[in-house]
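S.K.: Can you keep this structure in mind? I'll have questions shortly.
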Amino acid sequence: MMAADSALLLGLVEEFVLGQQDRKAVDTATELKAGQFTILQLVEALGLHLTSSQPQTRGRGVQLLSNVLQECYGDLTEREVKVLIVFYENRLKDHYVITPHVIQGLKALTKCSVLPPGSAVSILKSLFQDIHVQSLMLAERSCVYNILIQLMESRESELKGLGADFVFGFVQSVDGERDPRNLLLAFHIARKIVHEGYDLGKFTEELFEVTSCYFPIDFSPPANDPHGITQEELVLALRVVLTGTPRFAEFLLPLIIEKLDSDVQSAKLDSLQTLTACASVYEHKDLAQFLPGLWASLRREVFQTASERVESAGLAAVGTLTACLSRSVLNSDSEDSLNVFLELVLKDCQHHLCEPDLKLVWPSAKLLQATSTASYRASHRVAAAVLPSLIEQYNSRTQCAQRRTLLEVLQGFVHPVTSSEEDESVLLDFRQSLCSIVFSALSESNADLQITSMRLLTALGQQTGLLLESDVELAVDHLTRLILEEGDPKVSLAVVECAGALARLHPAAFISKMVPRLKEEIFSEPMAQGDSATPSREHSQQAVRQRCVAALAAVSSRPSLVQESTPVLLQVLTSAHTGTGAFSLEEVISVCHSLQKIAEQAQDTEETGGVFHDVIPRLLGLALQAALQGSSGHCSPILEETVLSAMVPIISTTCARLQSRLAGQTASLAVSLFLDGDVSFLPENAFPTQIQLLKVRFQCWSQSQMVCLLMGCVCWLPRTVEVPQMDRLLLELEELSCTCDHPLSYTSAAKCYAGLVNKSPAGEVLDSLIDRTLKRISTELDSASSPVRTQAFTLLLWVSKALLLRYHPLSTALTDKLFSLLSDPELGWLAADGFSLLMSDSPDVLNRGSHADVRIMYRQRFFTENSAKLVEGFNAAVQEKKSGYLKALSHIVNNLPRQVQLTELPALLPLLLEALSCPDQGVQVSTLSCLQPVLLDPPSALITQLEVLVGRTLALTTSPTMKVRIASLRCIHALSRFPEHEIMPFRARVLRALAAPLDDHKRVVRSEAAVARNEWFLLGSPGGR
Amino acid sequence: MSGGARLENANPLIFQRTGERLQTANDEDEDVADPIDDREIFDLIRSINDPEHPLSLEELNVVEQVRVRVDDQENTVGVEFTPTIPHCSMATLIGLSIKVKLLRSLPERFKIDVHITPGTHASEDAVNKQLADKERVAAALENSQLLEVVNQCLISNARTG
């Protein structure tokens, strides 16, 4: 070393050790890394201080060395490390004030990749021998644990060579640890010991004791805990240790049995979950001797608990135990512990299934079902023991309620048994009895029995071999009869569900038996005309037809069934159009809904898509016939807006799912129909050749409104499908939307235009198209005398939405136009409501289902970019225009995710409070519903405004609008959860004010008032909150 | 009540809870007045907690809809409740909880009568008398220990809302 460097080094050492300048450690490390001196030279330079008679000075010397090592342990050679380890191990025997620095240094050394062989063992031996870990401070204890973790990672085999001494050393170091951060480290080490095959030797019990003493963990982190350790984290870390090895079984299982006795619910839950976890790694021999004790505790928890969580944890444990016992391979001399366990369960539960009052039938059944779902063997044993008596009881009991309970219990045994394919169903022996029970219950007149038996029937149908073909046919007959005869809505719903499930598995019986019968019913002539056809009978016939239509939709999941059912439904539409069948408007609409449902169900198979594809030309043809017929003669229901709107989703759902070849075909047919009047592809082609559907002519809305069907078709196609003649189509749509005076026509044209624009590729073509449209819209809007301002506004709104969704740069120009309309005398109110449309999902166009380009964060983005504009506009507006801004604001805020609402609320609070006193009821409802979730977790900004908030909200509880009353009462309810000292001053006033809505004429309002008032009564009252 | 005390009826029969009342079109129609009916009163009291068990009065069959009578025109409400066992010492407390819940939840115009289902409790008359006496009810609610227990019964739990 040169003299100059030597002086530098000595200087740094002096300044750190005697001068107490901590940052010199960093300088020393920097110089060392720069090669000015070596680590051993540093030790030499420290020499005097390290041998000082003052422990503090020695400590300071070691501290410098350790600090430097933490920076540059990576640069050391093996020889240097060897020397340093010997040095540090010696220092462990020194004065206690030095120990923390020694441990720091050792920690740095253990990270060296060149740690010489054998040194890991020697470090640990010294640590375990010379240090009493639990008398160290928190940080040093953590250091020791980290040394262990580090060495376990890098020197696993050396540590395993230490044998059980390593485990013993760990047990001694951790015994008595109390800090949750260190416990997480300790549990981590214990987990590695248990899971990675360290030799526990004779210290198994010690290791278990030192960890299990924390079980069950009860830890509530202090408020504002910066470390973020949760009870859950500790529980899981400890559970992995305790359940890690079957060698703990003899200690853990008695502990669990003991802790299950606890009164604390979280302790119970933890014990049950731990049991579930260990049963999945244990073998039967680990469990055998504890089975009676475990069962007694588990049974008690399920029989007597009031908590659903404890109950389901208990059932899960029973299931896992059974599964564990079922897995085990038996020796010739061991008894079958599965049988032993099942005997216990059956002995305690079976008789409850046959008690005359059926008391405790449910907990018993759940326990038995938990065991029977666990394994094939268990299900065999349980079914054989339980089913005969259940079946016999069902047949001998007479009370409906009891028979229903028995049916539900039976269903529980049928439902979950999922046997693997080779095993035949354990229920095969009981097939016949179960079927006859189901069919007898189906013939009962009691609705509950019918419903439960249909659930059982569905469950039986899911298992192979339980329903023979003849059973399925009988079942279909029963279901058909119920559809035709049972008016109870609950029963109808159950029939539809059951038929839907069975039809998926057994379509043939439905095709041959149910569909023809339903068709016959749908087209049956109304009962004899004249006085016998009273309104109520007519009504009931309609109800039957509605059920038939709903059932047809429900069973149509298989292509073969779709092929049978859709023609029936289409025929209803045709005959409604021609007027041959007496179908009401509602019936026509419900037929449309059924067709839509079929289209939705058909998503999975290509085949069904193909079958259904033909439906589009049929619908277009029908609509066109109706449109051409116009208002002459019989007025077709297909002309009605409600019917057309119900037809749109049939077309759109189908189009959205078409394969690309069919989709392209459909697109070009639809476009050529609407642009060129090409009718060649329509069925029953008897149309005139000169059709121009998109042209505006006087009094011709019946044709122009068909544009909504075009929208359902072209706007829903997958984005890869190219729509032909796009430019011309857009031009004609724009023209129609800007000139037509029929609302459905111009709105649909605007939507269709917007849907296409949203999917158009970005670029100059699109930009110039938007420019052109915006100019036209602006011209109309700016001329106060224009007759089509509403139309221009509608187009503006939809195009804004189309562009906003895809983050198109031009969207700002359009939305700014909308903002400016807020103060328009004619359109202001419409514009304010338009923001609701802009921010919410539209069901018929521009949504994800239609493959539109929708960016996920568009609402937040719009809000961030525009909230300031709104506030400015509000402040600048004259008094009578202010409510429009409030309305727009409440629409926007209402549609924001809650997290964003919370962060933005303080800035908007004055405006929202203002909105509460705005006379518009729509604004009131939407402001209240936006405030209510925020009140559940009130930000401090709200607390300072309580007086205003309470006053205005209470005033709204007597609003003439029911929705406002309900929303305000919900807010008052939420206010009761505010910090008690803040709201106590309002208690008397709120209680007085809430007396009035208790006598509201609407029940829903009364019940909200009662709930809120009771909460406020509990406030500040003994035993309350 | 308190965790350590022995329960009088440790293993009661548990009954199913009624579902939420189904909403009808009339319920949403602003112009239709909904009269206060038996079910509405029953919905107010069915979720009251039993003082002894972590169960509701409905689950223990202490209250049933058929034992509730309301006359919206005449401003009267009558509720009969059935203690789980004839010697139940909690009968007065249960009656008081029902009464307080109704007092807090119904318009002032109603006269509220809460009494034990005839023939189901050993000291039926005494309990009924206490519950019918306005002043004794008021005095009971002045007693903060009693009020605490009543309030505990009335705290809505997450299950029943």
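The values are calculated or read from the model by the stated rules, or taken from the named source; none is laboratory data. What you are looking at is a predicted structure, and each value in this text was computed from that prediction instead of being measured. Positions of Cβ are generated from backbone atoms using ideal geometry, with glycine treated the same way; all protein chains shown enter the neighbour counts. Ligands, DNA and RNA are excluded from the accessible area calculation, which covers all protein heavy atoms including side chains. Shrake-Rupley method; radii C 1.70, N 1.55, O 1.52, S 1.80 Å.
S.K.: Check off (1) among the hydrophobic types (A, V, I, L, M, F, W, C); (2) within 19 Å of A:PRO100 (Cβ to Cβ); (3) open to solvent by 30 Å² or more (accessible area, probe 1.4 Å) for A:ILE147 and give me the number that stays unchecked.
M.R.: Among (1) among the hydrophobic types (A, V, I, L, M, F, W, C); (2) within 19 Å of A:PRO100 (Cβ to Cβ); (3) open to solvent by 30 Å² or more (accessible area, probe 1.4 Å), the lone unmet condition for A:ILE147 is (3).
S.K.: Output the helices (runs of 4 or more DSSP H) that fall wholly within the range A:155-232 and possess 1 or more residues being modelled with pLDDT under 90, or say none.
M.R.: Working: elements: A:156-161, A:164-174, A:180-195, A:204-212.
Of the helices (runs of 4 or more DSSP H) lying wholly inside the range A:155-232, those with at least 1 residues that are modelled with pLDDT under 90 span A:156-161, A:164-174.
S.K.: Still on this model: Inspect the range A:744-754 for any residue being on the phi < 0 side of the Ramachandran plot, surrounded by fewer than 21 Cβ atoms within 10 Å (Cβ to Cβ) and assigned to a loop (DSSP other than H, G, I, E, B) and give the result as yes or no. Full working, then the answer.
M.R.: Of the residues in the range A:744-754, the ones on the phi < 0 side of the Ramachandran plot are A:744-754.
Next, only the ones that are surrounded by fewer than 21 Cβ atoms within 10 Å (Cβ to Cβ) stay: A:744.
Okay, now just the ones that are also assigned to a loop (DSSP other than H, G, I, E, B), so none.
Scanning the range A:744-754, I find no residue that is on the phi < 0 side of the Ramachandran plot, surrounded by fewer than 21 Cβ atoms within 10 Å (Cβ to Cβ) and assigned to a loop (DSSP other than H, G, I, E, B), so the answer is no.
S.K.: Now a separate question. Residues that are closer than 28 Å to A:VAL990 by Cβ and either over 14 Å from the mean Cα position of the chain (by Cα) or away from chain A (no Cβ under 11 Å) (or both), at least 3 per element: which helices (runs of 4 or more DSSP H) completely within the range B:62-161 meet that? Working first, answer last.
M.R.: Numbers: elements: B:91-105, B:124-132, B:134-142, B:144-154.
Helices (runs of 4 or more DSSP H) meeting the threshold: B:91-105, B:134-142, B:144-154.
S.K.: Just to be sure I understand, how many residues within the range B:83-123 are hydroxyl-bearing (Ser, Thr, Tyr) and open to solvent by 30 Å² or more (accessible area, probe 1.4 Å)?
M.R.: 5
S.K.: Exposed (fewer than 15 other Cβ atoms within 10 Å of the Cβ), in contact (Cβ under 8 Å) with a residue 24 or more places away in the chain and either within 21 Å of A:ARG1013 (Cα to Cα) or in contact with a His (Cβ under 9 Å, 6 or more places away or on another chain) (or both), is that true of B:SER156?
M.R.: Working: exposed (fewer than 15 other Cβ atoms within 10 Å of the Cβ): yes; in contact (Cβ under 8 Å) with a residue 24 or more places away in the chain: yes; either within 21 Å of A:ARG1013 (Cα to Cα) or in contact with a His (Cβ under 9 Å, 6 or more places away or on another chain) (or both): yes.
Here the answer is yes, as B:SER156 does meet what is asked.
S.K.: Another question, if that's okay. Search the range A:11-31 for residues being among the hydrophobic types (A, V, I, L, M, F, W, C) and open to solvent by 80 Å² or more (accessible area, probe 1.4 Å), and hand back the single one that is nearest to A:ASP75 (Cα to Cα).
M.R.: Applying the first criterion (among the hydrophobic types (A, V, I, L, M, F, W, C)) to the range A:11-31 yields A:12-13, A:16-18, A:25-26, A:29.
Of the ones still in play, those that are also open to solvent by 80 Å² or more (accessible area, probe 1.4 Å) are A:18, A:26.
Working: A:LEU18: 27, A:VAL26: 16 Å.
Per the criteria, the residue is A:VAL26.
S.K.: Yes or no: A:SER262 outside any helix (DSSP H, G or I) and at pLDDT below 90? Walk me through how you get there before you give the answer.
M.R.: On the way: outside any helix (DSSP H, G or I): yes; at pLDDT below 90: yes.
Taking the combined requirement at face value, the residue satisfies it.
S.K.: For the range A:175-200, what are the residues that are over 41 Å from the mean Cα position of the chain (by Cα) and open to solvent by less than 30 Å² (accessible area, probe 1.4 Å)?
M.R.: If we filter the range A:175-200 for residues that are over 41 Å from the mean Cα position of the chain (by Cα), which is where we start, we get A:175-176, A:198-200.
Correct list: A:TYR198, A:LEU200.
S.K.: When the range A:541-579 is examined, which residues are found to be under 14 Å from A:ILE638 (Cα atoms) and not aliphatic (A, V, I, L, M)?
M.R.: If the condition is that a residue be under 14 Å from A:ILE638 (Cα atoms) and not aliphatic (A, V, I, L, M), then A:GLN571, A:THR574, A:SER575, A:HIS577, A:THR578, A:GLY579 are the ones that fit.
S.K.: Go through (1) closer than 20 Å to A:VAL934 by Cβ; (2) out of contact with any Phe, Trp or Tyr (no Cβ under 7 Å at 6 or more places or on another chain) for A:ALA876 and report which single condition fails.
M.R.: Failing condition for A:ALA876: (1).
S.K.: Looking at A:THR99, A:THR77, A:THR51 in this structure, which one is open to solvent by less than 60 Å² (accessible area, probe 1.4 Å) and either more than 27 Å from A:ALA7 (Cβ to Cβ) or of a type in the set (Ser, Thr, Tyr) (or both)?
M.R.: Working: A:THR77 fails: open to solvent by less than 60 Å² (accessible area, probe 1.4 Å); A:THR51 fails: open to solvent by less than 60 Å² (accessible area, probe 1.4 Å).
Step by step, each of A:THR99, A:THR77, A:THR51 is checked, and only A:THR99 is open to solvent by less than 60 Å² (accessible area, probe 1.4 Å) and either more than 27 Å from A:ALA7 (Cβ to Cβ) or of a type in the set (Ser, Thr, Tyr) (or both).
S.K.: Name the residues in the range A:983-1025 that are under 33 Å from the mean Cα position of the chain (by Cα), open to solvent by 20 Å² or more (accessible area, probe 1.4 Å) and facing chain B (nearest Cβ under 9 Å), would you?
M.R.: In the first step, residues of the range A:983-1025 are kept if they are under 33 Å from the mean Cα position of the chain (by Cα); the result is A:1003-1016, A:1025.
If we keep only those that are open to solvent by 20 Å² or more (accessible area, probe 1.4 Å) as well, we get A:1003-1004, A:1007-1008, A:1011, A:1013, A:1025.
Once the filter is applied, which keeps residues that are under 33 Å from the mean Cα position of the chain (by Cα), open to solvent by 20 Å² or more (accessible area, probe 1.4 Å) and facing chain B (nearest Cβ under 9 Å), the range A:983-1025 yields A:ARG1003, A:VAL1004, A:SER1007, A:VAL1011, A:ARG1013, A:ARG1025.
S.K.: Taking the condition farther than 20 Å from A:VAL714 by Cβ and either within 38 Å of the chain's Cα centre (by Cα) or assigned to a helix (DSSP H, G or I) (or both), does A:ASP767 pass?
M.R.: Numbers: farther than 20 Å from A:VAL714 by Cβ: yes; either within 38 Å of the chain's Cα centre (by Cα) or assigned to a helix (DSSP H, G or I) (or both): yes.
The answer is yes for A:ASP767.
S.K.: Okay, next question. Take the conditions out of contact with any Ser or Thr (no Cβ under 9 Å at 6 or more places or on another chain), among the charged types (D, E, K, R) and within 14 Å of chain B (Cβ to nearest Cβ) and apply them to A:ASP286. Does it pass? Show your work before the answer.
M.R.: Details: out of contact with any Ser or Thr (no Cβ under 9 Å at 6 or more places or on another chain): yes; among the charged types (D, E, K, R): yes; within 14 Å of chain B (Cβ to nearest Cβ): no.
Considered against the rule, which asks whether it is out of contact with any Ser or Thr (no Cβ under 9 Å at 6 or more places or on another chain), among the charged types (D, E, K, R) and within 14 Å of chain B (Cβ to nearest Cβ), A:ASP286 comes out as no.
S.K.: Which of the helices (runs of 4 or more DSSP H) contained wholly in the range A:846-957 include at least 3 residues that are out of contact with any His (no Cβ under 8 Å at 6 or more places or on another chain) and open to solvent by 50 Å² or more (accessible area, probe 1.4 Å)?
M.R.: Details: elements: A:858-876, A:882-894, A:898-916, A:921-935, A:940-943, A:946-956.
Those helices (runs of 4 or more DSSP H) span A:858-876, A:898-916, A:921-935, A:946-956.
S.K.: Related question: Counting just the residues of the range A:463-518 that are open to solvent by 50 Å² or more (accessible area, probe 1.4 Å) and closer than 18 Å to A:LEU434 by Cα, which one comes out nearest to the chain's Cα centre (by Cα)?
M.R.: So, considering only residues that are open to solvent by 50 Å² or more (accessible area, probe 1.4 Å) and closer than 18 Å to A:LEU434 by Cα, the one nearest to the chain's Cα centre (by Cα) is A:THR464.
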